[in-house]
1. From the square roots a ≥ b ≥ c of the eigenvalues of the alpha-carbon gyration tensor of the stretch 7-205, which class results: rounded (a/c under 1.5), prolate (a/b over b/c), or oblate?
2. By a straight-distance test (C-alpha under 25 Å), which lysines pair with residue 733 as possible cross-link partners, with residues fewer than eight away in the same chain excluded?
3. How about the stretch 673-776: which trypsin sites (Lys or Arg not before Pro) there lie in a loop by DSSP and see at most 14 other Cβ atoms within 10 Å?
4. Given 715, 744, 769, which one lies farthest toward the positive end of the charge dipole of the stretch 703-776, if we put +1 on the Cβ of every Lys and Arg and -1 on the Cβ of every Asp and Glu?
5. Expressed as an acute angle from 0 to 90° and rounded to the nearest 10, what is the orientation of the C-alpha long axis of helix 122-140 relative to the principal long axis of the chain?
6. Rounded to the nearest 5, what % of the DSSP beta bridges within the chain are antiparallel ones?
7. Would you work out the relative contact order for the stretch 631-764, in percent, from Cα pairs under 8 angstrom that are 6 or more residues apart?
8. Under a plain spin-label model, where a point goes 7 Å from the Cα along Cα-to-Cβ, how far apart in nm are residue 61 and residue 448?
Amino acid sequence: MNQFDIFSHLHPSKPPELLEEHKKLVSDYFEKIVRFKNIDLDKLAECFEIKDKCFVKKLIKEVVVLHDEGKVNPGFQYIKMKNEAFKDAYENMEIKTSKHSFPGAVLFFERFIEEVDSENDDEEFNKKLFLLVAFSFLIAKHHSKLDNFERFVDELKDALSERNSPYVPFYLNFNYLDIKKFVAIKFIFSLIISSDYYATLEYMADLKIDDFGKLDVKMAKEEFEDFEIIKNIRNKIYKKPIDRLRSEMFLEAEKNLDVSKNIFYLQAPTGGGKTIISLNLALNLNPTKIFYVFPFNTLVEQTESKIKEIFKNLDFAVVNSITPITDEEDDKNQYEKVYINRLFYQKELILTTHVNFFDILFGINKEGNFALWQLYGSVIILDEIQSYNNNLWWYMAEFFSAFSEVLNLKIIIMSATLPKIDKLLENKNEFFNLLDSKKYFQNPLFKERVEVDFSLIDEEFSFEEIKKRIVNYKRILIEFIKKDSAREFYEYIKDLEDYEVYELNGDDNKIFRDFVIKRTKEAEKIIVVSTQVIEAGVDIDMEVGFKDIATIDSDEQFIGRINRNSLQKGKAYFFDNDDESDIYKKDNRIGISLRDEKYRKIFLNKEFELYYDEVLKRIKEKGKSFNGVETNIESFKKAVKRLDFNAVNRLMKLIDDASVTVFFPYKIKLKGIYELDFVDEKFINDGFFDGCLVWKAFKELNEIKNFAKREIEKSKLNYLMQFFTFNLPFVKKLNIYDDECCGIYLIEDYENYIDENFKFDRRVFLDNQKREYNFL
């Protein structure tokens, strides 16, 4: 090595990596990603609406390759790289700093500003200047997160002034930015940090990545077509009457698929086979990868079983908060390989949750942005979209349209009750309908699958009235919208002679929930009293249902739990007990309910588009309402134009993060009424699955020095911890606890809060907190 070689990384057993070597690897991985995804750089450049497209393409590649140029900083070389050749230069620095990201941003700006300044057209100059500053911002943030762009601009100006640059002050025209450019800039950030990560990994771990998990469409199609249900559809074989309708929907959607469109609606009745239909559509769109996105982990689990049933050779993964990271690797880099597969979604098909998906689209941290480039050329299947916060539907429609165009991806939005959110856009009917859904909803096999009775709504509610009707049926589902009401009715009915009676709510863990679902399939006479946790993602099929009315789509989801296969005549009674506005708060559906004869008719006729037209009208009006001096829509557009990634991230949060997780270290008998065949020996104590041993392992995670191994072991423990943890939304902290780790609180004295079925009494727990500490 030369005396003044610039180092990029140090290794305990190899010579230092030179900056030029790292840049070469970064460039190689950038080119690999571009080839793998067939990224159209010309089309990407067009997003920025600059006439000199060659300049834009050059800048895109250079921002990736030159992002580490700031490592020439003598402080970084001497302090971080132990490069003695830079000792004197470091000592002579006025402000001694070892940072390299922000200095790299300054160097990048200086490298290209003369070329920008040579632009004679003022409008083109302003566009090029904005792009240069935005890309410099990405370099400054490549080791942190996408936060405050305008603050960076001020810091850049200050740094240039200190260097006596002739190019300050400069002014940016923020009107240049729009949502497509916002998405394109975020996508390029993903290319930077991903190319950097892969290149660094190759040097540090000798791990060369060539396979990013491309879907083998040909093989997947062959396996799909060989699946019995698909063969029956192709051969017009119907085992029961409803199969004919499912086949008709499958074939109609397939016929109507227009590959020139980007976003599709798939609206089909509950039990219509949307999983099979959507997979067929996705394969026919010839994607590089499929992302299947759900609002609930239970739906993820169900679809995982179906995927395993259909595809024998498909390399797929479940990515959510509770599924362990597992893979078959046996070399020295096994943990790195497995972790990289998860971090970059390097599988052919990904099953994940809407929270993870929105973190990819709108997250500001590196972890979410690593996978953003994997969406390019993919198909996204969004299930049960009505479950998403409807205050976000307008923004979702805008962003889905932009992401699909910039990233060349296709989106299939599906549900039984499907809001046509593109009606909120200026360019209406931008999303494409795949089915003439009305004719299927009107078919007696779907429309009359469940007889609906509204008589209880108009009466004064009483437990006795429900009990009178229950005894006429064998398999009964009763849903309340509040936990307290469900618990009260459960206590009232639990000793009913000849029935197994269970209560289900959001506080129940997987063991109890799975047990109850299993009993619904086996017990001769059973009653399940539930909250809305039962509505979607729970594989349950009952004879009759009783439900406290809420929103119309919620009520329809409930209907989907009754007589799912049309093998008999189901029945659903609706009653009016609790006020849904207490639960739904700022929801735009409040007040549109089955109390009104108008909406009862819409509900019976399955005319959900009429219902959603009312909801969408409210969303539009809310968007035009003022918060201060701006409307909500104006505030959103301003955040986009000013590259305020923080504001967009906050706006697009699906779930309020304010919550506390508690861990109760009880013991679960292995050979009892629950099936626990997944527990590792090290967590078993005298025939019991021991929560104390799980907590001990959780606390010992920090002792694992290898980061990838630690993350993998953490994911395995997350799966086990779900059997002992309970979430308390809207609670910010606890003062009574025995231990705390990573924001999870251990409660050793749990007997007063957990019964013999591991059901958590949240009210008793919180009342105790109030009594002891008056802060909740």
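1. Here the stretch 7-205 falls in the oblate category.
2. Once the sequence-local lysines are set aside, what remains near residue 733 is 482, 483, 510, 585, 586, 653, 696, 699, 714, 759, 770.
3. Counting only loop positions with at most 14 other Cβ atoms within 10 Å, the trypsin sites (Lys or Arg not before Pro) in the stretch 673-776 are 705, 732, 733.
4. About the Cα centre, the residue reaching furthest to the positive side is 715.
5. 80 degrees
6. Roughly 30 percent of the DSSP beta bridges within the chain come out antiparallel.
7. It comes to 31 percent, rounded to a whole number.
8. Placing both labels 7 Å beyond Cα along the Cβ direction yields 6.7 nm.
Just so you know, all these numbers are worked out from the coordinates, no wet-lab data involved. Bear in mind that the values here come from a model prediction, so they are computed numbers and not experimental data. Neighbour counts are summed over all protein chains in view; Cβ atoms, including those assigned to glycine, are modelled from backbone coordinates with ideal geometry.
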